[in-house]
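K.L.:
To start, I am sharing the structure in question, which I have written as structure tokens.
The values are calculated or read from the model by the stated rules, or taken from the named source; none is laboratory data. Just so we're clear, the structure is a prediction, and the values are computed from it rather than from any experiment. Here Cβ is always computed from backbone atoms with ideal geometry, including for glycine, and neighbour counts include all displayed protein chains. These area figures cover heavy atoms from the full protein model, side chains too; ligands, DNA and RNA do not enter into them. Shrake-Rupley method; radii C 1.70, N 1.55, O 1.52, S 1.80 Å.
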Amino acid sequence: MHHQRLPGLDLLRAFAIVWVMAYHLVSYGPQFGPVLGPIADLGWMGVDLFFVLSGFLVGGQVCAASAAPEGPRWGDYLLRRALRVLPAYLAVLALYLWLPGWRESPGMQPAWQFLSFTANLFPDYFRNRAFSHAWSLCVEEHFYLLLPLAVALLSRRPSLRKSALFVLAVLLGGIALRAWAWHAQVAPYLHVKEGEDWFVLRYIEHVYNPTWARLDGLLIGAALAAVRLHRPAWWRWMTARGWAFLAAGLLLVIAAAPLFEGLVTEAGAVVGFPLLSLGLGCVLVGMASPAILPGRIELPGARLVATLAFSLYLTHKSMFRLVSEHAGAYLEGSNLLVLGCYGGAALAAGALLYLAVERPGLRLRERLARRHVRPALALMR
């Protein structure tokens with residue numbers, strides 16, 4: 001399996017972070033709501049797009065390592081994952097812990113929850129919302145740990161039927177657990193419009209954030225990675241029809257969107273997430289296809305934004321809050337100019353974090369990789 005950077009996936013990653021930032025921007029610059037419209041309203045879906053991308057990229061790494069003739073070295077895998085995430089994450093966590101002025105909200109969960117990546121399992125959104133977007137990183141870290149175990153089990157007497165049943169079982173299990181959480185933890189509180197038991201907070205804490213409820217996108221991405229590696233003829237057939245998959249994926253995303261009208265709905269909670277993830281998976285196949293123009297042509301700026309995506313994700317909410325607090329009263333004029341101020345501040349912080357912390361960690365990872373003659377591991381990103 002040879003590494004090949006796919007321009008279409010860079011574009012998807014860039015779009016995902018811009019989409020998420022647009023969603024959060026409306027909270028700090030309400031004037032952007034009418035301008036950004038439905039794009040901002042559905043920006044939370046950018047996280048689900050990140051999940052599908054992560055499932056595909058990390059799933060490919062794990063499948064390749066498992067299939068290596070000399071067998072996998074999971075210690076190497078975990079080290080590379082740690083060097084990918086921890087330097088930038090811990091640097092930003094330090095800012096949140098030691099500089100309260102950096103926080104976008106006063107209250108914050110205990111440090112041990114962020115250090116153990118359990119902040120999404122024991123949230124208290126009524127009191128503690130600072131660095132709340134770390135919930136998705138917790139989900140991904142759990143996925144990084146669970147996926148090798150799943151692949152190792154499925155690799156014993158491997159069969160397409162067993163793998164397909166496993167994927168289906170996880171998807172159906174997520175549906176069942178979300179349905180239970182909705183009826184037990186959210187539905188009885190739909191009449192509560194404020195306070196600690198506000199139904200929206202209960203939805204976020206019991207349906208939207210927990211790892212067991214958000215594996216759909218990661219699983220779809222990992223399944224596509226397994227198809228690419230173990231069924232290359234299928235993958236070639238799929239990517240040869242890039243426009244069809246892209247169109248089908250967009251239609252599925254459009255079909256899923258009404259299920260989340262107002263975000264907190266039973267239909268969205270139960271079946272919306274797998275439908276959305278399936279649609280985004282089809283979009284990924286289309287964008288990975290060299291048969292369509294976005295899949296083979298680099299758009300200016302896409303790779304840069306994709307490269308900065310992780311650092312932008314970690315810092316953008318704080319920067320939006322700082323701009324709003326210290327300069328919001330002075331930002332008048334065209335929405336485009338104001339949007340540029342918010343976006344420019346976020347981009348500057350993300351670039352600084354990337355250059356000062358994230359990139360050195362990635363370079364250390366590559367130096368360690370070159371010490372091993374491990375082609376599969378050397379492909380890990």
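K.L.:
Label region 77-187 by shape, choosing from rounded, prolate and oblate, from the square roots a ≥ b ≥ c of the eigenvalues of the Cα gyration tensor; if a/c is under 1.5 it is rounded, and otherwise prolate applies when a/b is larger than b/c, oblate when it is not.
P.N.:
oblate
K.L.:
Explain nothing, just compute: Karplus ³J(HN,Hα) = 6.51 cos²θ - 1.76 cosθ + 1.60, θ = phi - 60°, for every residue of region 136-146 in order, whole Hz, x for Gly and Pro.
P.N.:
Karplus values, whole Hz, x for Gly and Pro: 5, 5, 4, 4, 5, 4, 4, 4, 4, 7, 7.
K.L.:
Hey, what angle do you get for helix 45-67 against the long axis of the chain, alpha-carbon based, 0 to 90 degrees rounded to 10?
P.N.:
30
K.L.:
Please give the charge dipole size of the chain, origin at the Cα centre, charges +1 on K and R Cβ atoms and -1 on D and E Cβ atoms. Round to the nearest 20 debye.
P.N.:
Result for the chain is approximately 1820 debye, rounded to the nearest 20.
K.L.:
Please name which of Leu352, Phe320, Leu339 has its Cα lying farthest along the dipole of region 287-367 towards the positive end, using unit charges on Cβ (Lys, Arg +1; Asp, Glu -1) and the Cα centre as origin.
P.N.:
Highest projection toward the positive end goes to Leu352.
K.L.:
Pairs of Cα atoms under 8 Å, at least six residues apart: use those to get the relative contact order of region 132-278, whole percent.
P.N.:
This gives 26 percent for region 132-278.
K.L.:
Read phi for every residue in region 150-161 and hand back ³J(HN,Hα) as whole Hz from Karplus 6.51 cos²θ - 1.76 cosθ + 1.60, θ = phi - 60°, with x for Gly and Pro.
P.N.:
5, 5, 4, 5, 6, 6, 7, 6, x, 7, 4, 4
K.L.:
Next up: Carbon and sulfur: what percent of the chain's accessible surface (1.4 Å probe)?
P.N.:
Whole-percent figure for carbon plus sulfur exposure: 68.
K.L.:
Please report how far the C-alpha centroid of region 152-175 lies from that of region 88-109, rounded to the nearest whole angstrom.
P.N.:
39
K.L.:
DSSP loop (so not H, G, I, E, B), at most 11 other Cβ within 10 Å: list which trypsin sites (Lys or Arg not before Pro) in region 171-208 pass both filters.
P.N.:
The qualifying sites are Lys193.
K.L.:
While we're looking at this one, here's another question. So what is log10(I(q)/I(0)) for the chain at q = 0.11 1/Å, when the Debye sum runs over its Cα atoms only?
P.N.:
So the normalised log intensities work out to -0.81.
K.L.:
So, one more: Based on the mean of other Cβ atoms within 10 Å per residue, sort peptides 219-230, 343-354, 274-285 so the most packed one is first.
P.N.:
274-285, 219-230, 343-354
K.L.:
Quick check on region 164-262: what does the Kirkwood estimate of hydrodynamic radius come out to from the alpha carbon pairs, in Å?
P.N.:
The Cα-based Kirkwood calculation yields 16.0 Å.
K.L.:
Just check region 151-217 against the gyration tensor rule for me: Cα atoms, a ≥ b ≥ c as the square roots of the eigenvalues, rounded for a/c under 1.5, and otherwise prolate or oblate depending on whether a/b exceeds b/c.
P.N.:
Note, shape of region 151-217 comes out prolate.
K.L.:
Separate question: Once a ≥ b ≥ c are taken as the square roots of the eigenvalues of the Cα gyration tensor of region 5-103, is the result rounded (a/c under 1.5), prolate (a/b larger than b/c) or oblate (a/b not larger than b/c)?
P.N.:
In terms of gyration-tensor shape, oblate.
K.L.:
May I ask you to give the solvent-accessible area per residue for the chain, in square angstrom, as obtained with a 1.4 angstrom probe?
P.N.:
Value returned for the chain: 46 Å² of accessible area per residue.
K.L.:
Top mean-square fluctuation among Leu339, Leu147, Leu246, Gaussian network model of the chain, C-alpha springs under 10 Å?
P.N.:
Highest fluctuation among the options: Leu339.
K.L.:
Moving on to the next point. So how tilted is helix 242-256 from the main axis of the chain? Cα-based, degrees 0 to 90, rounded to 10.
P.N.:
It works out to around 40 degrees.
K.L.:
A further question follows. Counting other Cβ atoms within 10 Å, which trypsin sites (Lys or Arg not before Pro) in region 51-132 have at most 12 and lie in a DSSP loop?
P.N.:
Those satisfying the criteria are Arg127.
K.L.:
Of the peptides 313-322, 37-46, 152-161, how do they stack up when ordered by the mean number of other Cβ atoms within 10 Å, highest first?
P.N.:
Answer by packing, highest mean first, reads 313-322, 37-46, 152-161.
K.L.:
For region 305-351, what is the convex hull volume of its Cα atoms per residue in Å³?
P.N.:
59
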